[in-house]
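Structure first, commentary second.
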Amino acid sequence: MSLSDQDISRIANLARLELQAAEQVQMRNKINEFFDIVEQIRAVDTSGVVPMAHPIDAMQGAQMALRLRPDLASEPNQREDNQRSAPAVERGLFLVPKVIE
């Protein structure tokens with residue numbers, strides 16, 4: 001796929017851009033280079049490749065351990081200490097003024 005000068009003019013109009021002639025040529029060349037890269041990617045045979053929903057899926061069959069830290073509390077609960085300076089607290093919650101009417 002390749003865009004013409006008319007396509008670039010239409011896209012610029014839709015984007016509310018005013019491109020000079022040199023800018024239009026430069027934009028056309030850059031976008032067409034992008035489309036060339038996309039065509040190269042499409043040309044790769046991926047018939048035997050199973051799609052992944054997440055990168056971690058690729059590691060399921062591998063002998064690689066995930067380096068996820070344990071979900072442990074690293075600081076003590078200091079709710080009471082933090083709420084001492086609050087202007088209003090009720091049942092362990094900070095009370096704030098209503099901002100939406």
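Observations
- Using a cutoff of 8 angstrom between alpha carbon atoms and counting only pairs six or more residues apart, the relative contact order for the chain works out to 17 percent.
- Placing pseudo-labels 7 Å out from each Cα toward the beta carbon at N82 and E39 gives an inter-label distance of 5.7 nm.
- Fewest-first ordering of K98, K30 by other beta carbons within 10 Å of each residue's beta carbon gives K98, K30.
- Nearest-ten-degree value, helix 21-42 long axis tilted from longest Cα axis of the chain: 80
- Under 14 Å, Cβ to Cβ, from R28 - net charge with Lys/Arg +1 and Asp/Glu -1: -3
- Exposure proxy order (Cβ contacts within 10 Å, fewest to most) of R91, R10: R91, R10
- Residues whose amide H lies under 5 Å from that of L19, counting only those 5 or more places away or on a different chain, are absent; hydrogens are built 1.01 Å from N in the peptide plane.
- Computed [θ] at 222 nm, helices only, for the chain once each DSSP H run of length n ≥ 4 contributes -39500 (n - 2.57): -11500 deg cm²/dmol
- Order of S85, S2 - criterion: other Cβ atoms within 10 Å of each residue's Cβ, fewest first: S85, S2
- Helix 5-14 axis, angle to the chain major axis (alpha carbon atoms, nearest 10°): 30
Here, each number is a calculation from the coordinates, and none is a lab measurement. What you are looking at is a predicted structure, and each value in this text was computed from that prediction instead of being measured. Neighbour counts are summed over all protein chains in view; Cβ atoms, including those assigned to glycine, are modelled from backbone coordinates with ideal geometry.
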